[in-house]
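K.L.:
The structure under discussion is supplied below as structure tokens; questions concerning it will follow.
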Amino acid sequence: MYRIMMLSAIFFGFSTASGLQKKKNVPLRIIGLSVVLEMILCMYMSFIGYLVITKGRTIGLNSTGAALGMILGVLIFSKITPQYKKVFFESYVIVLPLMYGLGKIGCAFAGCCAGIPFNGFMRVHTTNGNLFPIQKLEAVVFLLLFAGSLLLYFKDRFNPSHAVIIYCIAKIALDFLRIGHVDHLITTNQIMCAAIMAFFILYTSKSS
């Protein structure tokens with residue numbers, strides 16, 4: 001189920017972004033090239049992000065790194081085709097919480113990304129004791145953020161820079177409920193999100 005949800009996140013994320021771009025009359029060839037670039041950067045930065053978090057001890061994928069790869073892809077392709085800059089920023093940023101939310105459903109099935117020790121409502125029973133259901137909460141929160149972002153988009157009120165900042169704040173806040181905070185005050189994921197948020201605050205101020 002974990003693999004199915006991860007593949008679903010990729011499929012629905014890029015399909016939604018491509019559909020939004022097509023509605024804005026972006027040529028199919030350019031859409032295809034942007035998807036290829038985004039997928040390569042997402043996988044690469046996801047791999048690098050995991051290496052950073054584990055200090056090179058193990059190999060895997062990291063969702064924050066994947067999001068950073070997506071944003072880098074938008075910045076690069078906006079330079080290549082500046083006439084579609086707004087479309088690319090909106091369409092790819094808007095699907096970030098969709099992809100993350102679906103991915104967290106996969107994590108819930110796999111039992112990874114565990115929460116802090118917790119004995120309250122909806123606790124998760126594991127061999128390491130009862131834990132907070134962080135995967136389920138993150139899935140709900142980010143899928144709701146996607147729905148809200150999509151609603152704003154169709155009302156022509158969606159601001160991708162503001163959205164990224166909101167997504168980062170949500171991720172930083174929810175990360176305090178992960179088991180990593182038992183031993184660490186601030187996690188690498190939170191530092192990465194803070195760096196992304198700082199960049200977009202500067203980006204927004206320069207663009208205004």
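The values are calculated or read from the model by the stated rules, or taken from the named source; none is laboratory data. Everything numeric in this text was worked out from a predicted model, so none of it was measured. Glycine also receives a Cβ, built like all others from the backbone with ideal geometry; neighbour counts cover every protein chain displayed. In case anyone asks, the SASA skips ligands and DNA or RNA and just uses the protein heavy atoms, side chains included. Shrake-Rupley method; radii C 1.70, N 1.55, O 1.52, S 1.80 Å.
K.L.:
Examine the stretch 4-16 for a residue that is open to solvent by less than 70 Å² (accessible area, probe 1.4 Å) and over 30 Å from T187 (Cβ atoms), and state whether such a residue exists.
P.N.:
From the stretch 4-16, those open to solvent by less than 70 Å² (accessible area, probe 1.4 Å) are 5-6, 8-10, 13-16; that's our starting set.
Now drop any that are not over 30 Å from T187 (Cβ atoms), which leaves 15.
Looking for residues that are open to solvent by less than 70 Å² (accessible area, probe 1.4 Å) and over 30 Å from T187 (Cβ atoms), one finds at least one in the stretch 4-16, hence yes.
K.L.:
Tally up the residues in the stretch 149-167 that are open to solvent by less than 50 Å² (accessible area, probe 1.4 Å) and not in a helix (DSSP H, G or I), please.
P.N.:
Taking the stretch 149-167 as the starting set, the residues that turn out to be open to solvent by less than 50 Å² (accessible area, probe 1.4 Å) are 149-150, 153, 158, 160-161, 163-165, 167.
If we keep only those that are not in a helix (DSSP H, G or I) as well, we get 158.
Number of matching residues: 1.
K.L.:
With out of contact with any helix residue (DSSP H, G or I) (no Cβ under 8 Å at 6 or more places or on another chain) and part of a helix (DSSP H, G or I) as the only criterion, which of L37, L68, L51, L72 stands out?
P.N.:
The match here is L51.
K.L.:
Could you give every pair whose Cβ atoms fall below 6 Å, whose first residue belongs to the stretch 179-208 and is more than 21 Å from K85 (Cβ to Cβ) and open to solvent by less than 40 Å² (accessible area, probe 1.4 Å), and whose second residue is modelled with pLDDT of 80 or more and assigned to a loop (DSSP other than H, G, I, E, B), counting only separations of at least 6 or pairs across chains?
P.N.:
From the stretch 179-208, the pairs are G180/T187.
K.L.:
Would you be able to say whether some residue in the stretch 25-37 is under 20 Å from G101 (Cα atoms) and open to solvent by 60 Å² or more (accessible area, probe 1.4 Å)?
P.N.:
No.
The rows are residues; the columns are (1) touching a residue at least 24 places away in the same chain (Cβ under 8 Å); (2) among the β-branched types (V, I, T); (3) open to solvent by less than 10 Å² (accessible area, probe 1.4 Å); (4) not in a loop (DSSP other than H, G, I, E, B).
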position: I76; (1), (2), (3), (4): yes, yes, no, yes
position: K79; (1), (2), (3), (4): no, no, no, yes
position: Y84; (1), (2), (3), (4): yes, no, no, yes
position: P97; (1), (2), (3), (4): yes, no, yes, yes
position: F109; (1), (2), (3), (4): yes, no, no, yes
position: K136; (1), (2), (3), (4): yes, no, no, yes
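Rundown of residues vs (1) out of contact with any Phe, Trp or Tyr (no Cβ under 9 Å at 6 or more places or on another chain); (2) within 23 Å of S34 (Cα to Cα); (3) among the acidic types (D, E), yes/no style:
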{"position": "G148", "(1), (2), (3)": "yes, no, no"}
{"position": "F158", "(1), (2), (3)": "yes, yes, no"}
{"position": "C168", "(1), (2), (3)": "no, no, no"}
{"position": "N189", "(1), (2), (3)": "yes, no, no"}
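K.L.:
Among the residues of the stretch 168-195, how many are of a type in the set (A, V, I, L, M) and in a loop (DSSP other than H, G, I, E, B)?
P.N.:
3
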